[in-house]
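The values are calculated or read from the model by the stated rules, or taken from the named source; none is laboratory data. Just so you know, these numbers come straight off a predicted model, no measurement behind them. Don't worry about glycine lacking a Cβ; one is built from the backbone with ideal geometry, like all the others, and counts go over all protein chains shown.
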Amino acid sequence: MSAFDLTPLLDLLPELLAGRPLVVLTGAGVSAESGLPTFRGPGGMWEGNRPEDLASPEAFARDPETVWRFYAWRLEKVRAARPNEGHLALARMERLLPRMTVVTQNVDGLHAAAGSRNILELHGTLLTARCTGCDRGVPAPEGPVPPLPRCAACGALLRPDVVWFGEALSPVTWKAAADAAEACAVFFVVGTSSVVAPASSLALLAARAGAYVFEINPEETPLAPLAAGVFRAGAAEVLPAIAAELVRRIP
Ligand code: NAD
Ligand code: ZN
């Protein structure tokens with residue numbers, strides 16, 4: 001007997017197949033089953049530091065080597081990780097649905113690796129680095145840190161190409177995400193604790209604009225009261241079940 005019941009969603013699936021838009025917001029939880037720790041769950045600490053204390057412009061200005069070692073460690077895990085059944089189900093759904101957007105807070109590249117195409121990476125990516133001098137984007141360093149990676153063009157320090165606490169999201173990416181949220185018929189929130197703004201406000205935008213919001217998360221989050229349905233199980237279990245229901249309804 002399964003712990004979740006898709007009933008509240010089922011009547012909406014034909015509408016999605018007919019072209020009404022779906023937006024899926026994902027967070028660290030969707031990659032948990034690929035072996036990548038979430039920030040707020042077990043295994044989220046690094047050398048006794050909270051990620052929040054390392055993922056900031058202040059931390060980088062103070063101690064770039066510690067920050068880069070943290071990112072090099074995460075990158076090593078990401079390069080070894082494979083998309084799980086949750087990522088793969090989302091890619092399958094995108095091939096079935098005329099209009100679907102994945103908006104992710106993750107920086108691990110696993111949605112693209114699974115085959116999703118229409119992806120908005122709100123918080124950037126670990127797979128590239130950016131020059132603090134000339135802003136050029138380059139592939140993330142392959143080797144260990146130290147030595148600190150530097151720009152081949154201008155010699156300035158490279159930084160991870162992610163959005164840190166206290167930094168603004170790319171306005172272009174954010175606008176695309178907000179527009180998609182306001183235009184969608186159904187909005188899934190998958191594996192995010194919904195505490196990091198402004199990403200957490202996307203579900204609110206969607207709900208206010210009339211979308212049905214569904215949450216996929218084994219734990220309770222502040223979003224639940226807003227949701228038309230809550231599926232309390234892991235993403236790698238729920239998303240394939242939804243994809244299978246879509247396939248059954250292909251006209
Ligand atoms: P979070 O760590 O705050 O919350 C993770 C959420 O996932 C929790 O609510 C938890 O209950 C849920 N969860 C755990 N296992 C799950 C599963 N199998 N299926 C579905 N849900 C599951 O993560 P967040 O809300 O994404 O915010 C943290 C920030 O940290 C984000 O901005 C993100 O950029 C960054 N981050 C990214 C990665 C990554 O790219 N893989 C990993 C850690 C943190
Ligand atoms: Zn440079």
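Tell me which of these Ala228 doesn't satisfy, since it passes every other one: (1) touching a His at 6+ places or on another chain (Cβ under 6 Å); (2) surrounded by fewer than 16 Cβ atoms within 10 Å (Cβ to Cβ).
Here Ala228 clears every test but (1).
With the structure loaded, tell me whether Pro98 is away from ligand 1 (no atom under 16 Å from the Cβ), out of contact with any Cys (no Cβ under 8 Å at 6 or more places or on another chain) and not assigned by TED's automatic domain parsing to the domain that holds Ala185 or whether it fails that test.
no
Residue by residue, here is whether (1) in contact with a Lys or Arg (Cβ under 8 Å, 6 or more places away or on another chain); (2) surrounded by 15 or more Cβ atoms within 10 Å (Cβ to Cβ); (3) not small (Gly, Ala, Ser) holds:
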{"position": "Arg130", "(1), (2), (3)": "yes, yes, yes"}
{"position": "Glu142", "(1), (2), (3)": "no, no, yes"}
{"position": "Leu148", "(1), (2), (3)": "no, no, yes"}
{"position": "Gly155", "(1), (2), (3)": "no, no, no"}
{"position": "Gly166", "(1), (2), (3)": "no, no, no"}
{"position": "Ser170", "(1), (2), (3)": "no, yes, no"}
{"position": "Val186", "(1), (2), (3)": "yes, yes, yes"}
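How about the stretch 189-224: which of its residues are closer than 18 Å to Ala241 by Cβ and within 11 Å of ligand 1 (Cβ to nearest atom)?
Val189, Val190, Gly191, Glu215, Ile216, Asn217, Pro218 - these are the residues of the stretch 189-224 that are closer than 18 Å to Ala241 by Cβ and within 11 Å of ligand 1 (Cβ to nearest atom).
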